[in-house]
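Worksheet for the structure shown next.
Laboratory data are not the source of any read-out in this text; all were calculated from the coordinates shown. Just so you know, these numbers come straight off a predicted model, no measurement behind them. FYI the Cβ positions are ideal-geometry reconstructions off the backbone, even for glycines, and counts take in every protein chain you see.
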Amino acid sequence: MKYTISEFSQITGISIYTLRYYEKEKLIKPARKKNEQRCYTDQDIIWIEFVKRLKDTGMSIKDIRKYSELRAQGEETMAARLEMLIQHRAALENQIAAMQINLARLNEKIDYYKTAVKP
């Protein structure tokens, strides 16, 4: 199926402005009709959902662009893409571990105040 930028924006929940920015940053490359109007496909939906997940996990636009460039080069870059994702996962796991420590310390402080503050 083919989608205009407006339809694609509605489907993905990404603003038209952001889609144009992603195109400028080479994260997505929609096809063009004869009149140069952008034309998105179901494959673009799958890809942009993955881009959104990468962003949600804190991957930088620079790294997403690098991943996208590797993806565009084809299957011979799968090992490099795998390594990028493994490194990103490790960084994310470190962030989660640090947040869990911070949460535990915050809970300790809340518990202290619960016992120190008299109702």
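A few comments on the model shown:
- Convex hull volume per residue in cubic angstrom - Cα atoms of the range 53-94: 58
- Angle between the chain longest axis and helix 78-116 axis [Cα atoms, degrees, rounded to 10]: 30
- Ellipticity estimate at 222 nm from DSSP helix runs (n ≥ 4, -39,500 (n - 2.57)) divided over the chain, nearest 500: -23500 deg cm²/dmol
- The chain: most fluctuating residue of Lys29, Lys66, Lys109 per GNM, C-alpha cutoff 10 Å: Lys109
- With respect to the chain, whose longest principal axis is taken over its alpha-carbon atoms, helix 61-73 is tilted by about 40°.
- Of Lys29/Lys55; Lys34/Lys62; Lys2/Lys24; Lys2/Lys66; Lys2/Lys26; Lys33/Lys66, pairs whose Cα-Cα distance is over 29 Å: Lys34/Lys62
- Max-minus-min Cα coordinates of the chain on each principal axis give 73, 37, 22 Å, with the largest extent listed first.
- Point-to-point label distance, Arg20-Lys52, nm (Cα→Cβ direction, 7 Å offset): 2.1
- Segment Arg89..Arg71, full-extension length gain: 4.7 nm, with 0.36 nm per residue of separation and the alpha-carbon distance subtracted.
- Within a Gaussian network of the chain (alpha carbon springs, distance under 10 Å), most fluctuating of Asn35, Asn102, Asn94: Asn35
- Euclidean distance between Cα centres, the range 1-15 to the range 105-119, Å: 48
- GNM top mover of Tyr67, Tyr40, Tyr21 - the chain, alpha-carbon springs below 10 Å: Tyr21
- Taking 0.36 nm per residue of separation and subtracting the current Cα-Cα distance, fully stretching the chain between Glu108 and Thr41 would add 19.1 nm.
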